[in-house]
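Report on one structure; see the data block that follows.
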Amino acid sequence: MTSGLRFSALPMGPLVFLSLLVTARALEFGGAPGQWARYGRWEAGSVGELSFSLKTNISKALVLYLDDGGNCDFMELLISGGRLQLRFAIHCAEPATLHMETQVNDDRWHMVLLTRNFRETLLMVDGETKMAEVKSKRKEMAVVSDLFVGGIPPDVRLSALTSSTVKYEPPFLGLISNLKVGETPPTLLNSQGIQSDMEYLCTKQNPCLNGGFCSIQYGEVHCDCTHTRYKGKYCKEDKSAKSLPYCTVGKSAKSLP
């Protein structure tokens, strides 16, 4: 297992930063024990889609999980051997498993799409697509739990988890961005040990120049230029710079009285 997630800290101009700010809906997972993000329930019983992007360099982790409260039905998406592995079950039938070939622990962004269609579930990673089917008597998956991402909250009892091993999976380390159920981002109910995309922009892609201090205020990035020689939104303008006097070229200036 590779330790430590590496981020590139390239200088960013205001336009690049604003573009990233508009498109980013990312959470940064530090990978510490006890970490988790809890979203509102994904109604994946019959049909539905869930999509997101991820960036990591670890070879084993829990990405997401949902179930029926400890009875028969569950779905878990793991990183195993640096590749995504999906396992799901319906009506206590033998779980179906998908092992993807695409390596995702390479510190690059990867697009992931989960598509539910009764007994079938399709998993797509970048350009690779695989589908598996559960041989169950019932075709709908029962979903009772919330959607857990990156880890399982410690207050969730083992008896309430259908998968007996999911709580012992290593927590996710990396970034998960643009999580959507269909076309809508799910509601983040609560979390532990997670940083939002705004905090990520300050800590990893600081837009404040010339030693300006970056902070989040009222949901927006703010640059404090107080202890610098610069000013402006991104501490880019030199305070000592004076505007050049206006002069007339090719014309004679009138004498002042």
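Both radii are taken from the alpha-carbon atoms of the range 27-195; with Rh as the Kirkwood radius, Rg/Rh is 0.92. In this structure, the pairs whose alpha-carbon distance is over 27 Å, taken from K180/K204; K60/K180; K55/K233; K55/K236, are K55/K233; K55/K236. If the segment from L158 to W109 were pulled out straight at 0.36 nm per residue, it would be longer than the present Cα-Cα gap by 14.4 nm. At full extension, T129 and A142 could sit 2.2 nm farther apart than now, given 0.36 nm per residue minus the alpha carbon distance.
Excluding same-chain neighbours fewer than eight residues apart, the aspartates and glutamates reachable from K135 by a Cα-Cα span under 12 Å are E94, E120.
Sequence-ordered 3J(HN,Hα) estimates for the range 112-118 from the Karplus curve with 6.51, -1.76 and 1.60 and θ = phi - 60° stand at 10, 9, 10, 10, 9, 8, 6 Hz, glycine and proline given as x. Near H91, the amide H atoms lying under 5 Å from its own belong to D73, A142; only residues 5 or more places off or on other chains count, and H is placed 1.01 Å from N. Scalar couplings 3J(HN,Hα) for the range 226-235, obtained by applying the Karplus form with A = 6.51, B = -1.76, C = 1.60 to θ = phi - 60°, are 3, 9, 10, 8, 10, 9, x, 4, 10, 6 Hz; x denotes Gly and Pro. Which net charge results for the neighbourhood of S59, defined as the other residues with beta-carbon distances under 13 angstrom from its beta-carbon, given Lys and Arg at +1 and Asp and Glu at -1? Summing Lys and Arg as +1 and Asp and Glu as -1 gives -1.
Put simply, the amide H of R41, placed in the peptide plane, has neighbours under 5 Å in L147, leaving out anything fewer than 5 places away on its chain. Evaluating 6.51 cos²θ - 1.76 cosθ + 1.60 at θ = phi - 60° for every residue in the range 173-187, the Karplus couplings come out as 10, x, 10, 10, 10, 6, 5, 9, 9, x, 10, 10, x, x, 7 Hz, glycine and proline recorded as x. Between E94 and K204, the C-beta separation translates, for a Förster distance of 41 Å, into a calculated FRET efficiency of about 0.45.
Taken together, the values in this text are just the output of simple stated rules run on the coordinates, not laboratory data. Remember, it's a predicted structure, so these values are computed and weren't measured experimentally. FYI the Cβ positions are ideal-geometry reconstructions off the backbone, even for glycines, and counts take in every protein chain you see.
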